[in-house]
Every structure is written in structure tokens, then in C-alpha cells.
Amino acid sequence: MSDLNSKMKLKFITLFVSLITVSVFAQEAEFVAKVSKNKLGLNQRLRVEFSINKQGADDFVPPNFKNFKIVGGPSHSVSQSWVNGKASFSQKYSYIIKPLRKGEFNLPSASIMLDGKKLESKPVKIIVTEAVKVPKNPNDPDYIAEQNIHLVAEISKARPYVGEGIYVEYRLYFSNNVGIYDNAVTEAPQYNGFWNQEIKRDGSQVKTAMYNGEQYRYAVLNKALLIPTKSGKLTIDPMKMDIVVAVPTGRGDFFGNPITKQIRKEYSSAKKTINVKNLPLEGKPESFTGAVGDFSYELTSSRNVLKANESSQIKVIVKGKGNLKLFELPKIETPKELEVYQPERKEKVSITTSGLSGSVIDNYTVVPEYKGKYKIPTTEFSYFNPKDQKYHTITTEDIFVDVTEGKELATSSTGNPVIKQNVVTTGKNFRYIQTSTSLAPIVKSDFYKSTLFYILLILPFILVPVIILINKKKEERNADIIGSKQRKADRLARKYLSEAKSQLGNKEPFYEALERALHNYLKAKLRVETSEISREKISHLLKDKNVDSTTIEQFIGVLKDCDFARYTPITNVQMNQEYEKAKQVITQIDKQL
């Protein structure tokens, strides 16, 4: 009986080990790299771990730790477990490394062999900052907030052509160890050298993703389409934010729940450099006007047969994806006998992550005056396609307009004899000259004692007091220096804010016009391009002009509200309040200047 039990136990153990082995080998092989932190100071260290989840791997080759120094490792470990009916296996290689210089680096891939196949890990991005003060207490709130929240600018393409659309996306990554209670954009990025347009997003939903080997939650704060307008190195300045972060203190309450502390910290994305390539000169057509993308082109006519003084519509149509708003459409040439009006531009363009998409149409109205058949010659449209890196040219067919009825064209002739014709009298072309008259004496009126005489006599006695009263009021008004400045400032504020007022109710156009009005006002007053400088510099400029700090804070506050309001729901009442606030702050600054 004991032998039977021993055999049953041996079979069970054999089956158990077989199930573990089958389960482990059934997993899909994954070779991944993880880091203990993706952002650290020059005086800090980090742990890099390469792991594979399948048995039988060997010949591990570490990455080239360029820009880093190995201060520990490699250490090798193997673990195998069975949890809730699932088997897991892990084989790990770990290093402790220290950065050698500041910057943003990609830790290269490591490799390992499994069943004769080479597996490679993905590169890991590591940001090295200035040397930081390492806290003695690992639960220091500032340290925890810095390590668990990252503001990142993602660029879709780092080396585009001039005119090729790319996009930048600003993401806020935050781990499960912290919470976010409030946030505000303190400095929006500047896109100097780019045509730019914000890409609309469906809210700001929180998603999960892997960031530098770790799992984070993230929210997309802003996304913009950028089309470079010149070649060379173009930079995108950082976005800056103030964030209220709830961090654990390492202590718990009576029920064991972790106690958190709220702190306010400033975060900044890394400065991005875009290397923009010039369009190739080789094969560049003469008809090329700057179109970059993938397009179709056609020339159409609404009517080819018509009568004189009837109209026909000639359309120049470009469709596709690319920089649709940044190039010229081909012009049509028409015979002088056809009257052609200035074209009407129609744009149906949407903004996507791949660029502008839609159509641009120039609609010409043509009205013939004379009978005949006329030709509108062929046209050419050229564009550069970044995908195949080639120029393409599309040529249209000739268009003929047949005018069936109307005046004949006047033809000049020489040498024709002059035909003398008799004068024919019709109606009353000739009349007799009148020889008799009937004259009467002119009655002479006396101006003296007339109505006009008395009006002119009394008028000076009425006008003199009125003029004296007007001058007195004018002097009182001029003497009121404060009131005069107030009225002048109010007129100036209304002048600059007129466009914003016309857009009340339309959130994005309103805030764009409001921000533009504030910058234009400062440009006129300070004679600087304020749209290209930071808010800190604007504050310094106003301070140098002796504008008080309260007014400066109100002005910068309106600029911040313009940025923040684009990403949050705003009511018409709030827009009216922002308009009045901007009007008041312009008035105050103008009085002080």
C-alpha cells in the first residue's frame, strides 16, 4: 500500500513539474530593459535591469554604456514561481551605472540568444540634469514629486523637409505613487520658424503607457501641427507648468491609509531641436511654388457652350494632404475677348497629425462679349512628395469655350471708299429762328428790412455766447488730465480688443484674438515683438517703464488665462469677464505709461 502511495506521489510531482515546464515554455519570449529612474542628476546613480521570461537563453551581450560609467555589476539571477495556477520564469542581468555628462541619452539595446534566435531589448531614454541635492530622507516630498512626474514633448519626425508637416505632442506622465490636484501652463512653447496650428483633441483622458521601461499614467496636454518654413536647426522652447502634487509622506493614519502631502512644483519639458532639410534642387520644375505632400490637380469648366454675356465657372482645384495653405495655385490665361473676374478662394481643409488634408479651389467667373471659339491654355501644377523624395508635375488639357450667339468681333479695314450720303431731315431737326420778343421790367427787391437782413443781424448775438460756452467746457475737459487720460486709454483698449469682442461666444478664435490684441498693444507701446519673448521678459519691460507690479500681474494673468482656457470648458459669461479684464488692464497700463 505504501509503494502504491509512493508511486502516486511520484506521478503527481512529475505531472506538476511537466505543467510548470509546459506553461513556462508556452509563454512568448520577451527581452526587456528597465531602469530604476529615467531622470537623474549628474551626481546620482541608477539601476539597469535586462530580463527574459523564457528558459534556455544564453550569450548575453550588454549594451555600449557610452556616456555612463559602470559602478556595479553585472549581477545575474534566475527565478521561477507558480502563482494562482500560472507559472512564471525570469532571468535577469543587472548593472549600477553613473552618468558622465549632462544631456538626453538613449541607452542602446542589449542582446541575448534563444533557440538560435537573437533577441534585442528596446533603447531606453535617460535624462541627466545638473547635480542635485540628494535628500537624506528618501520620503522627501520634493524628491518623490520630481521622480514620479515628467513633462515630455514628443516629436513625430526630427528631420523633415521644408514644408513637410510634423506634429509635437506634450504629455504629462505621472506614476501611481502620486496624485495631481491642480495644474496650469505657466509658459507655452514658441514655434519660431514654423507655421503652426493646434490639433483638436477629444478631451484630456488619462491613459496608461510604458515610459522608459516603467508603467505610467499620462494625459495629452497639447498637440500642434508644425510646418517648417525655412531650413536649418529650428528649436522648440520648453513648455512650463505649475503642478500641485500629492505625495506620500511614508506615514499612515489610524486605519493604515497612507498620509499624503500637497506641494507645488514647476515642471519643464526638454528643449527640442528640429533639423529641417532643404528641398532638393535637382529635378525641381519651373512650375513648383512650394507644394509639399501628396496631391491631385484638375482644371474644370462648368459650361463650354454659352451665349454672350452668360457666365461660366473655371475652377482650379488642388486636393490631397500636405501644406495646402502655404503655396500658390496655378493661374489661368484667357483671351482678351473674355472678361475674367478675380478668383474666389474656397478652402475645405482639416487638420490631422499627418498634416493638412482637404482641397483648395480658385473659382474664376468668365463672361464672353463676342461670338466665337476661345481656348484657355493648359496649366501645370508641381509638388514635392517627401515619401518618395521626388517632384511630380500634373498637366491639364486645354479648355475650349464656344460662344454661339453675340456680337461679331470688330475687324479693322483700310482702303475702303468713302460713300457720300444725302442729308435726310426727320422730325424737327431744323427749326425757324424766333425774331419777336416779349420783355417785362425786373422788380427790384429791397434787402434792407427784409427777413434775411434781420436774421443776419441777430445771429452774432446768439453765436458768441454759444462759442464762449463751448470753449469753457473744452478748457475744463482739457484741465481734467486724469479724465483725459482715462478716455484716451479706453479708446485705445477698444481699438485693440475690437477683434476679440467680435469673436465672443467662439472660444478658440476669441482667446487667439485676445492674446494677439495684448501682444499688439505692447508691440505698439514698447516697440518690441512681444510674441517672440517670454512672459518674464514682458514683466521686466513693463517694470522698467514704471508700471506697478499689480497691473503687471493682471496683464500676465490674462495671458495665462488665454493659454489655459483653450484646454478647458469655458462659458460665454467667463469670456465676457476675460474681455472686461483685458480692457481694464490695457487702460491701467496706458495711463501709467
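Numerical summary
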| quantity | calculated |
| --- | --- |
| Selection count where residues are assigned to a strand (DSSP E or B) and out of contact with any Ser or Thr (no Cβ under 8 Å at 6 or more places or on another chain), scope region 170-219 | 19 |
| Test: residue in region 79-91 that is at pLDDT 85 or above and either within 18 Å of V35 (Cα to Cα) or not in a loop (DSSP other than H, G, I, E, B) (or both) | no |
| Pairs with Cβ under 7 Å, 6+ apart, first in region 51-77 and in contact (Cβ under 8 Å) with a residue 60 or more places away in the chain and on the phi < 0 side of the Ramachandran plot, second surrounded by fewer than 16 Cβ atoms within 10 Å (Cβ to Cβ) and in a strand (DSSP E or B) | A57/M113 |
| Residue in region 139-152 that is under 30 Å from K230 (Cα atoms), touching a residue at least 24 places away in the same chain (Cβ under 8 Å), buried (at least 18 other Cβ atoms within 10 Å of the Cβ) and aliphatic (A, V, I, L, M) present | yes |
| Residue count for region 43-73, restricted to those that are among the hydrophobic types (A, V, I, L, M, F, W, C) and part of a loop (DSSP other than H, G, I, E, B) | 2 |
| Residue list for region 541-552, filter: surrounded by 12 or more Cβ atoms within 10 Å (Cβ to Cβ) and either in a helix (DSSP H, G or I) or among the charged types (D, E, K, R) (or both) | L541, L542, K543, K545, D548, T551, I552 |
| Hits in region 345-365 (condition: touching a residue at least 60 places away in the same chain (Cβ under 8 Å), in contact with an Asp or Glu (Cβ under 9 Å, 6 or more places away or on another chain) and either of a type in the set (F, W, Y) or assigned to a strand (DSSP E or B) (or both)) | I351, G355 |
| Flag if A517 is modelled with pLDDT under 75, in contact with a helix residue (DSSP H, G or I) (Cβ under 7 Å, 6 or more places away or on another chain), assigned by TED's automatic domain parsing to the domain that holds L542 and in a helix (DSSP H, G or I) | no |
| Per-region count, region 26-42, residues surrounded by fewer than 19 Cβ atoms within 10 Å (Cβ to Cβ) and over 38 Å from the mean Cα position of the chain (by Cα) | 5 |
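The values are calculated or read from the model by the stated rules, or taken from the named source; none is laboratory data. Fair warning: this is a prediction, and the values are worked out from it, not measured in the lab. Note: ideal-geometry Cβ built from the backbone for every residue, glycine included; neighbour counts use all protein chains shown.
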